[in-house]
């Protein structure tokens with residue numbers, strides 16, 4: 001480790017050279033001016049994507065000017081080429097968007113393309129100030145009794161990262177083929193995909209450990225420590241992991257399903273190995289629910305077999321109105337509201353006789369449980385307009401207030417007129 005630090009400090013001496021600082025200053029100035037011009041749109045006639053090529057053109061002219069003055073410009077040219085490559089990755093976004101979904105495209109750019117480019121750029125820059133082969137043989141120390149060099153450790157980290165990031169598409173393809181062959185459900189396919197990913201990751205980690213020269217005894221010791229951790233510190237995490245796999249295989253909770261949580265309908269967005277992501281429509285909130293909760297608490301689903309849901313609104317009508325006419329009016333009114341299904345047909349019921357009104361219930365079906373609150377509001381407004389149009393009274397209790405003397409024996413009640 002000491003040798004590596006000495007090498008890094010040696011790079012600082014290279015950066016302190018005046019000619020190197022001139023090249024760095026030129027590149028930094030051009031990049032900052034380009035970003036500022038793009039942010040403030042100094043040239044409205046040009047599209048935003050035209051600013052980086054314009055900045056690269058200015059940087060190229062600056063490099064030519066340095067060469068004309070007999071000054072070195074190798075570092076500035078290299079940085080300009082790296083900037084051009086970074087801009088080229090941005091240009092790949094639109095063609096790839098035609099073939100990949102937005103989320104997969106974002107993961108491909110953020111987890112694979114840009115990190116790989118940054119690693120390649122770092123190696124090129126290090127090659128300008130030092131010898132990469134000399135860095136690779138620098139000894140860093142020992143890990144589980146095995147001598148570690150900088151090159152060996154760097155290669156192991158790159159392989160581990162590629163295994164973690166790149167195992168997704170192959171695992172998804174194998175799971176899709178197995179689903180088509182065996183006729184499995186989507187939940188089983190997703191569970192198999194995740195299990196294949198973790199299997200590939202596990203085999204990759206073991207392969208990297210064997211490449212580094214770590215013996216099996218040390219691996220067994222690490223596995224024993226992890227088992228103790230499962231028993232004491234992370235048993236909840238392991239429980240949620242097993243619960244997530246079980247839910248995926250069983251298919252009882254699936255993405256797109258609508259569940260009732262604390263009286264609010266929530267849509268399942270993603271079923272992970274630790275927690276399930278739910279979306280609540282009333283406040284656009286995303287909720288993370290541990291997977292084991294679905295095994296310990298009851299859950300109501302409105303989309304287990306289909307997404308239809310029966311809803312209900314209540315209303316009261318005065319006693320002097322014919323109940324048959326009120327029921328017919330309620331059913332006809334519900335059919336006029338957008339969002340209310342005609343099949344099954346709405347059904348109005350006389351529930352009971354109250355103190356000041358006859359209580360009715362209007363039951364109807366909707367296609368999407370998440371629209372229940374809005375459709376109920378529309379139905380209530382339609383009932384108000386229909387009752388007002390037909391002259392049907394919605395009575396409400398009334399109270400009479402009067403003064404009372406204290407103590408009660410001094411109070412004189414008002415005698416009614418005869």
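The values are calculated or read from the model by the stated rules, or taken from the named source; none is laboratory data. Remember, predicted model here, so these are calculated numbers, not experimental data. Reconstructed Cβ throughout: ideal geometry from the backbone, glycine too, with neighbour counts over all protein chains shown.
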Failed condition for residue 71, given (1) touching a helix residue (DSSP H, G or I) at 6+ places or on another chain (Cβ under 9 Å); (2) assigned to a helix (DSSP H, G or I); (3) at pLDDT 80 or above: (2)
In the range 333-347, the residues that are within 19 Å of residue 370 (Cα to Cα) and not in a loop (DSSP other than H, G, I, E, B): 334, 340
Check on residue 322, within 18 Å of residue 391 (Cβ to Cβ) and loosely packed, with under 13 Cβ neighbours inside 10 Å: yes
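Any idea which of 307, 254 is under 30 Å from residue 328 (Cα atoms) and assigned to a loop (DSSP other than H, G, I, E, B)?
Working: 254 fails: under 30 Å from residue 328 (Cα atoms).
Going through 307, 254 in turn, just one is under 30 Å from residue 328 (Cα atoms) and assigned to a loop (DSSP other than H, G, I, E, B): 307.
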Single unsatisfied condition, residue 351 versus (1) surrounded by 17 or more Cβ atoms within 10 Å (Cβ to Cβ); (2) not in a helix (DSSP H, G or I): (1)
Which listed residue, of 153, 157, 164, 182, is more than 22 Å from residue 119 (Cβ to Cβ) and modelled with pLDDT of 75 or more: 182
Subset of the range 270-303 [modelled with pLDDT under 80, within 27 Å of residue 195 (Cα to Cα) and under 18 Å from the mean Cα position of the chain (by Cα)]: 270, 271, 272, 273, 274
Given (1) out of contact with any strand residue (DSSP E or B) (no Cβ under 8 Å at 6 or more places or on another chain); (2) part of a loop (DSSP other than H, G, I, E, B); (3) modelled with pLDDT under 90, number of the condition residue 395 does not satisfy: (1)
Residues of the range 144-157 satisfying the condition of being in contact with a helix residue (DSSP H, G or I) (Cβ under 7 Å, 6 or more places away or on another chain) and either surrounded by fewer than 15 Cβ atoms within 10 Å (Cβ to Cβ) or at positive phi (or both): 144, 145, 146
Boolean, residue 51 is assigned to a helix (DSSP H, G or I), surrounded by 14 or more Cβ atoms within 10 Å (Cβ to Cβ), within 35 Å of the chain's Cα centre (by Cα) and modelled with pLDDT of 85 or more: no
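Can we say residue 38 is assigned to a helix (DSSP H, G or I), in the same structural domain as residue 77 (by TED's automatic domain parsing), modelled with pLDDT of 70 or more and over 17 Å from residue 87 (Cβ atoms)? So that I can check it myself, show each step before the final result.
Numbers: assigned to a helix (DSSP H, G or I): yes; in the same structural domain as residue 77 (by TED's automatic domain parsing): yes; modelled with pLDDT of 70 or more: yes; over 17 Å from residue 87 (Cβ atoms): no.
The answer is no for residue 38.
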Out of 278, 287, 259, sole residue that is touching a residue at least 24 places away in the same chain (Cβ under 8 Å) and surrounded by 17 or more Cβ atoms within 10 Å (Cβ to Cβ): 259
Matching residues, the range 369-382, being in contact with a strand residue (DSSP E or B) (Cβ under 8 Å, 6 or more places away or on another chain) and buried (at least 16 other Cβ atoms within 10 Å of the Cβ): 369, 370, 372, 375, 376, 379
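Regarding residue 118, is this residue without any contact (Cβ under 8 Å) to a residue 24 or more places away in the chain and either over 26 Å from the mean Cα position of the chain (by Cα) or farther than 30 Å from residue 76 by Cβ (or both)? Break it down into steps so the answer makes sense when it comes.
Numbers: without any contact (Cβ under 8 Å) to a residue 24 or more places away in the chain: yes; either over 26 Å from the mean Cα position of the chain (by Cα) or farther than 30 Å from residue 76 by Cβ (or both): no.
Against the criterion (without any contact (Cβ under 8 Å) to a residue 24 or more places away in the chain and either over 26 Å from the mean Cα position of the chain (by Cα) or farther than 30 Å from residue 76 by Cβ (or both)), residue 118 does not qualify.
Within 30 Å of residue 29 (Cβ to Cβ) and buried (at least 16 other Cβ atoms within 10 Å of the Cβ) - does that describe any residue in the range 81-89?
Keep residues of the range 81-89 that are within 30 Å of residue 29 (Cβ to Cβ), which gives 81-89.
Of the ones still in play, those that are also buried (at least 16 other Cβ atoms within 10 Å of the Cβ) are 82-83.
Within the range 81-89 (the criterion being within 30 Å of residue 29 (Cβ to Cβ) and buried (at least 16 other Cβ atoms within 10 Å of the Cβ)), the answer is yes, since at least one residue qualifies.
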Check on residue 128, on the phi < 0 side of the Ramachandran plot and outside any helix (DSSP H, G or I): no
Lone unmet requirement of (1) touching a residue at least 40 places away in the same chain (Cβ under 8 Å); (2) assigned to a strand (DSSP E or B); (3) under 15 Å from residue 256 (Cα atoms) for residue 364: (3)
